[in-house]
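Heads up: the structure comes next, in structure tokens.
The values are calculated or read from the model by the stated rules, or taken from the named source; none is laboratory data. What you see is a predicted model, and the numbers here were worked out from it, not measured in a lab. For neighbour counting, all protein chains shown are included, and Cβ atoms are generated from backbone atoms with ideal geometry for every residue, glycine included.
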Amino acid sequence: MNKLVLIDGNSIAYRAFFALPLLNNKKGVYTNAVYGFTTMLLKVLEEENPSHLLVAFDAGKTTFRHETFKEYKSGRQKTPGELSEQLPLMRELLEAFDIAYTEVKNYEADDIIGTLASKAEKEGWDVKIYSGDKDLLQLVSEKTSVALTKKGITNVETYTPEAMQERYGFEPARIVDMKGLMGDSSDNIPGVPGVGEKTALKLLHEFGTIEKVLDSIDQISGKKMKERLEENKEQAMMSKQLAVIETNAPLTVTIEDAARKGYNTDKIIALFKELEFESLLNKFDTEEEASQELEEIHFTTVEKEVTQEMLASPSALIVEVPSENYHEADIWGISIVNESGAYYISTEAALASDAFKVWAADPKQEKYMADTKRAVVALGWKGIELAGVTHDILIASYLIDPSAGSHQVADIAERNAQKKIDSDDAVFGKGAKRGRPDEDKLSEHLVRKGLAIFELKNVLEKKLKENEQFELFKDLELPLSLILGKMEKTGITVDTDQLKAMGEELTGRLQTLEKEIHELAGTEFNINSPKQLGPILFEKLGLPPLKKTKTGYSTSADVLEKLADQHEIIPKLLLYRQVSKLQSTYVEGLLKVVHEDTHKIHTMFNQALTQTGRLSSTEPNLQNIPIRLEEGRKIRKAFTSSDKGWSILAADYSQIELRVLAHIAGDEGLLEAFRNEMDVHTKTAMDVFHVKEEDVTGNMRRSAKAVNFGIVYGISDYGLSQSLSIPRKEAQEFIDRYLASYPKVRDYMDSIKEQAREYGYVTTLLNRRRYLPEITSSNFNRRSFAERTAMNTPIQGTAADIIKKAMVDVTHALEEKQLESRMLLQVHDELIFEVPEHELKEMEALVPDVMARTMKLDVPLKADVSYGDTWYDAK
């Protein structure tokens, strides 16, 4: 049986973009709309299993409907650049799936769908349409159903003729009559002023069609309604005409062009890897068979005694542990490769060997690693120290190309034309399938990794030197990997009783808020239910409904924030949601990851992940604890020192990215602000609004702050409009005024884009690179994204380099002075220490001094320091 599925590409893309947070991959490419679009596509393929499938897109802004009404769709805002950049990726996705797609000049996606659906019906096919646009309901018939997106992306409501009767009380063809009466603000179809859906349905139920309604005005009750219908007859008929979908559009594709041929798994896997759709990759079998036989190797298996001969210098050292969480994990095995030979050493033999322990901890014994930090932690839990690391293949590869999809040894070897080895995923499995292989396969794989590292070391170091990155590698990233490993192993103490008490406090706070909300509403209801909350806000309390969903009123955070000053219930609701998230995500979530024996949280720092060089943390992510809300800040009270009489000390760089921008751009206005220790946001407000310091209002400073940080992160008019809740036109005007006030910032933006076009990459002050191959793309959206990335990467990346270098410099200072104080965490621009009482004054002076001298800029670096019994008290 032939079955044709037609997807409204633009509608699903818009739905996905606004339904999901603004995600991006390591290259900084926005991916949220593509991800949502992909999940919908996979759902359609799985559930519908169509014989034919086609995605229709709009061809442009102008259609034949503009000949009837030139203001058609004129009220629509320009498509956000963050979405436009993703539309070409959706076409790439469809090509990988071998799915037909098309667009037709002067016509809309609806018309393409209507034409193909009509032709398929005439041939007796079943047709299903996926969209978020109610206009397509006019196509519903005994052979054609329409699935309209509801909440989220993949949740849909399917309409058949029976469902149309149940929902609207009329046949599908009457949808255009309803649109003629009520209009459609999203398409700027005027309809009859004052007629909404409820009135339109009432009139159509009584008279049948819009023509009969207009012929029967005398029979309609209500003087005003009669006047409106009489005065807007022509407009109503024009509106109906605009809503009619063309079913005979001039298409170049046929139904047969939409035939499903099966998809190209290799292309899909490659694209999913590029977009970092890890959860979707699991739907495909990614375990690949080796394309060629591996070269035979010879090695010695050591199950008892580790001899001194095996522990030569230099040696490649592999310490293999499960990838998901290497804290306290079993070490699967160890391999050592050097000039004397290649050895696989069982975990038992290594842990029982004093010779191995002494060698591992000896800083004079050179070691080449695959992932130093992981090895430091894994060995550290077994009581073995690691020192003497002079090369790390993971870090070297990451610096050479941070955009590379993988830094596994096998992939690095392949990129550098070295001997082929199996990937870790092929040997150990991936995700839930990951596990320890049999001993023979494990030992051979570990030795191959050691051999690869031994051979790759010189190749990678040569590239680092060619890129002028060897100092960045040797003096910063390599020592940092050892420091991060020790920090992870040390962990930070958590007072679980305090955390539980906070949970109880938040529960009480939620109960109080619930009572206050119910009193303001005048009734009890389920606050967490949008279906119950919507009518309370927009019917009972009479607040203006800013957005509607398929299931009713939208009560999303962005809607509530826009209504915050219209009723005192709204701030209470927003606070209730924040407190609820604090309790579930942070209090309960943190309690789950506190180590049973150490009473500490041992987070994992990602050193080779972000393209800007920033560190991130996982299991748990301690960089995401919300601190804008006092209840969120209080969670830091549970983080304390591990020794009695010690304190937590926090040192935080002040506005580091803006200071870097001032240095790189050399703009006198910004330089003056920092050199004179002015509040930079107030200074910006003064310059942009042309007012004196005493005349800067809170809103002026807030706007200045948003654009200051926006410039650092590649601001767009859409992004600033969302941040400040202002129209995009006003946001663009503000950006223009900012750049006029700081002309050298604009000059920097222009020059860095030119540099990126000339060399294909941009660098930080310490020569960290980010490659931008799309900077010369003929595709406007891709090129624009690369230009924004070129502008913000040197700023963000240099700030990342500075905080990393500060970690290395402070560690050296602690070792030089033989202090007991320990560095525990790095959170954004902040370093956290635990300090014994007798070192407090020294640390209070030492840490900010070292941080201020970490890098010489044209403006002073400044670190604020404070301390207390807990992390909360230290801020």
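Table: residues versus (1) crowded, with 19+ Cβ neighbours inside 10 Å; (2) among the small types (Gly, Ala, Ser).
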{"site": "174", "(1), (2)": "yes, no"}
{"site": "192", "(1), (2)": "yes, no"}
{"site": "201", "(1), (2)": "no, no"}
{"site": "208", "(1), (2)": "no, yes"}
{"site": "234", "(1), (2)": "no, no"}
{"site": "253", "(1), (2)": "no, no"}
{"site": "264", "(1), (2)": "no, no"}
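Name every residue in the range 755-774 that is out of contact with any strand residue (DSSP E or B) (no Cβ under 8 Å at 6 or more places or on another chain) and modelled with pLDDT of 95 or more, in order of residue number.
Step one: filter the range 755-774 for residues out of contact with any strand residue (DSSP E or B) (no Cβ under 8 Å at 6 or more places or on another chain), giving 757-759, 764-768, 773-774.
Within the range 755-774, 764, 765, 766, 767, 768 meet the criteria.
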field: the range 522-536 residues that are under 15 Å from residue 556 (Cβ atoms), paired with ones that are of a type in the set (Asp, Glu) and modelled with pLDDT of 90 or more (beta carbon under 7 Å, 6 or more apart)
entry: 527/514
message: Just to be sure I understand, how many residues within the range 46-90 are under 32 Å from the mean Cα position of the chain (by Cα), surrounded by 15 or more Cβ atoms within 10 Å (Cβ to Cβ) and part of a helix (DSSP H, G or I)?
response: 9
task: For the range 760-784, name all the residues that are in contact (Cβ under 8 Å) with a residue 12 or more places away in the chain, under 19 Å from residue 613 (Cα atoms) and not in a loop (DSSP other than H, G, I, E, B).
output: 762, 763, 769, 770, 771, 773
message: If I ask for residues that are part of a loop (DSSP other than H, G, I, E, B), hydrophobic (A, V, I, L, M, F, W, C) and either touching a residue at least 40 places away in the same chain (Cβ under 8 Å) or in contact with a strand residue (DSSP E or B) (Cβ under 9 Å, 6 or more places away or on another chain) (or both), which ones from the range 384-433 would you list?
response: 386, 387, 421
query: Listed residues 371, 438; which is among the charged types (D, E, K, R) and in contact with a helix residue (DSSP H, G or I) (Cβ under 6 Å, 6 or more places away or on another chain)?
result: 371
- request: Could you tell me which residue of the range 732-783 is surrounded by the fewest Cβ atoms within 10 Å (Cβ to Cβ), considering only residues that are small (Gly, Ala, Ser) and in contact with a helix residue (DSSP H, G or I) (Cβ under 6 Å, 6 or more places away or on another chain)?
  value: 777
message: Looking at residue 251 and the list (1) in a loop (DSSP other than H, G, I, E, B); (2) out of contact with any Leu (no Cβ under 8 Å at 6 or more places or on another chain); (3) in contact (Cβ under 8 Å) with a residue 12 or more places away in the chain, which single condition is not satisfied?
response: (2)
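Table: residues versus (1) crowded, with 17+ Cβ neighbours inside 10 Å; (2) in a loop (DSSP other than H, G, I, E, B); (3) in the same structural domain as residue 14 (by TED's automatic domain parsing).
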position	(1), (2), (3)
535	no, no, no
539	no, no, no
546	no, yes, no
575	yes, no, no
579	yes, no, no
message: Every residue in the range 683-731 that is buried (at least 16 other Cβ atoms within 10 Å of the Cβ) and not in a helix (DSSP H, G or I), please.
response: 696, 714, 715, 716, 726
- request: With the condition kept exactly as written, say whether any residue in the range 111-133 is surrounded by fewer than 20 Cβ atoms within 10 Å (Cβ to Cβ) and under 32 Å from the mean Cα position of the chain (by Cα).
  value: no
- line: The one condition residue 660 fails out of (1) over 30 Å from residue 822 (Cα atoms); (2) assigned to a helix (DSSP H, G or I) is (1)
